[in-house]
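Below is one structure, written out as C-alpha cells; the observations come after it.
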Amino acid sequence: MSTTPSAGHHRLSGSLGVGAIVFMVVAAAAPLTVVAGTVPIGIAAGNGAAFPASYVVCTVVLLFFAVGFTTMARHVDAGGAFSTYVARGLGRPAGVGSAFLALVSYAAVQLAVYGFIGSAIDVLVTDHGGPDLPWGVWSVAVMVVVALLGYRHIELSGRVLGVLLVAEVAVVMVLNVVVVVRGGGDEGLASTALDPSAFTSGAPGIALIFAVAGYIGFEATAIFRNEARDPDRTIPRATYAALLLIGGFYALSAWALVSWWGDEGAVARAVADPGTMLGETATTVLGGFGGDVVEVLLVTSVFAAILAFHNVISRYLHTLGDPASEVAVLPAALGRAHEHHGSPHVASLTTSVVGAVLLALCLAFQLDPVLEVFTWFAAVSVVGLIALMLLTSVAVVAYFRRHPGLATPWQAVIAPAVAICGLAAFAWMTVDNLALLVGGSATVATCFKALLIGAFAAGLLLSLAVRRQAVPDPVPAPAQP
C-alpha cells in the first residue's frame, strides 16, 4: 500500500480563530441535548440533586489533562489530535492504534445521534400534524445535508454550527436566568450540590459517567490545527475556553433544573420521565412558546453535534491517509484536500458512506432509535474516548521525558499525572458499568469491549505491516519563557 504523496495532494486550509473552533467543539458536545437528556438521567440514576457537582469534578480533571495536552500542542505541528500525540509519545504503532480507536469511538457516537435525531424529528413532525414516517427517513435526510456541508470548506460548517449553537445555548440560559431571578421553585435555590456527603450518595460513579459523556469531542481543538489561524496560540486558548464553557454551562443548567423542582421533586420528576423534564420546565417557566422552542432547538442541537462529529471523523481519516503524517497507513487518496474548498473531501465522502452503511444495518436489524441505537453506541463511544485521553496523558509524560527542558515539571509531569489518576478512575467506572449502560446485557457489553480492543489492535498491527517513507521527527524548539 503506497503512502507516497501524489500530485493531487493538497494541504487542508483555513483561518479558523478561537471562536470558530470553540463553536465546533461545544457544538459537538450538544449542550441542549445534554441538558435535556443526560442531566435528567444523571439525576435519576446517579446521585440525585447533587448531580450538578459531577460536572465540576469532570471539568477539574479535564483541565489537568488540558495542561499537558496544550503544552505538547506547541511542539506537534500536525493534525490528528490524540493519534499524533500518542505516536510522538508512545511510538507509531500505539499512535495508529489510537487513531483506529478514535475512528470507532466517533463513528459510534455519530451513529448514536443519527438514531436520536431521527426519533426527535419524527416526534416534532407528528406533534405538529405532520406525516408519521419511519425514523430512518429523517436520519437519511440529515445525513445528506451533513455530507454536503462536510464536503465544503470548514468555515461553512463553522458558521452553521455557530448559529445553531448560539440559539440552543441562548434558550437554556434564558431559562437558567429566569429560574435564578425567581429564586428557584417552592424550595428556593438548591444547595445540595455543595454538600460532599450528598455527592457520594446514591451512585456517584454512574453520575460521573453521564457527566463525562457531555465532553465528547473537546480535543477537536487540536484536530483542526491545520485549519487554524496561528495554531500555537489558537489551540490552547480554544481548548481551555471550550472546557470552561462546557463545564460551566452544564453545571449551571443542571443546578437551575434541580432548583426549580426541589431536591426530592427533581429526582421524582427525572425518574418518572427524564426525556420531557426540560421541556416541561421550559413550558412552566417560559410559557408554551418556550417549550416549543426547546423542542425545535433540540433537533438543531443534535444536528450540530452530528456535523461536528462528521468533521472530526473526516480529519482522523485524512490524517491516516496523509503521507506527511506519522500515522499514515491508509490509501493516500484519503489524505487529499479539495483544490477549491481545502477540505478533506475524500475522507468526508468516506465518512458519509460508512455512516450510511452503519445506519442501514441498524434499520435492517430494526433497532430502536433511542433505547438501542442511541443508548448502546453512545455508551461505547464514552469508553473509547476516555481510553484515548488516558493514553494521551501517558504519551505526554513520555514525550517530555525524552525532551527535557521543553516544559515545566507542572506541565510535563504533575498535571498529566493527576489527569492519569482521574481518567483511570473514569475508565474503570465506565467499563465496570458498561453492561448497565447498554440495557443490562452482558453479551452486548462484551461485544463492545472486544470491538474497542480490536480496533486498537488492528491499528497497531497495520502500522507494523504497512511500510511508509520515514518522516523525520522534528526537534522541538525550547520552551519560551
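The values are calculated or read from the model by the stated rules, or taken from the named source; none is laboratory data. Not measured: the values here are computed from a predicted model. Heads up, the Cβs are rebuilt from the backbone with ideal geometry, glycines too, and the neighbour counts pull from every protein chain shown. Remember, those area values only see protein heavy atoms, side chains included, never the ligands or the DNA or RNA. Shrake-Rupley method; radii C 1.70, N 1.55, O 1.52, S 1.80 Å.
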Expected sort for 49-60, 437-448 on mean C-beta neighbours within 10 Å, highest first, is 49-60, 437-448
Given a Förster distance of 45 Å, the FRET efficiency implied by the Cβ-Cβ spacing of ALA167 and ARG401, rounded to the nearest 0.05, works out to 0.45
Scoring the chain by relative contact order with C-alpha pairs under 8 Å, at least six apart, yields a percentage of 35 percent
Under the 7 Å Cα-to-Cβ spin-label approximation, VAL466 and VAL125 lie apart by a distance in nanometres of 3.9 nm
Here P(r) for the range 240-325, Cα-Cα distances in 10 Å bins, as whole percents, is 14, 31, 29, 14, 8, 3
Of the convex hull enclosing the alpha-carbon atoms of the chain, the direction-averaged projected area in nm² is 21.8 nm²
Any GluC sites (Glu not before Pro) in the range 283-382 that lie in a DSSP loop and have at most 12 other Cβ atoms within 10 Å would be GLU339
Taking a label point 7 Å from the Cα of ASP77 along Cα-to-Cβ, the residues of the range 364-396 whose backbone nitrogen sits under 20 Å from it are none
If the chain between ASP232 and VAL60 were fully extended at 0.36 nm per residue, the gain over the current Cα-Cα distance would be 59.6 nm
Nearest-0.05 FRET efficiency for ALA333 and LEU133 at R0 = 60 Å, using Cβ-Cβ distance, is 0.95
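Quick one: length gained pulling VAL431 to ALA324 fully straight, 0.36 nm per residue minus the C-alpha distance?
Full-extension gain reported as 35.0 nm.
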Of all chymotrypsin sites (Phe, Trp or Tyr not before Pro) in the range 327-393, the ones in DSSP coil with at most 10 other Cβ atoms within 10 Å are PHE365
Given the candidates ALA107, VAL267, ASN176, the one whose Cα lies deepest towards the positive end of the charge dipole of the chain, counting +1 at each Lys or Arg C-beta and -1 at each Asp or Glu C-beta, is ALA107
In the chain the accessible area split gives carbon plus sulfur, as whole percent at 1.4 Å, a share of 69 percent
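What does the accessible area per residue of the chain come to in Å², with a 1.4 Å probe and no ligands, DNA or RNA counted? Show your work: numbers first, answer last.
Working: 18430 Å² over 481 residues.
Result: 38 Å² per residue.
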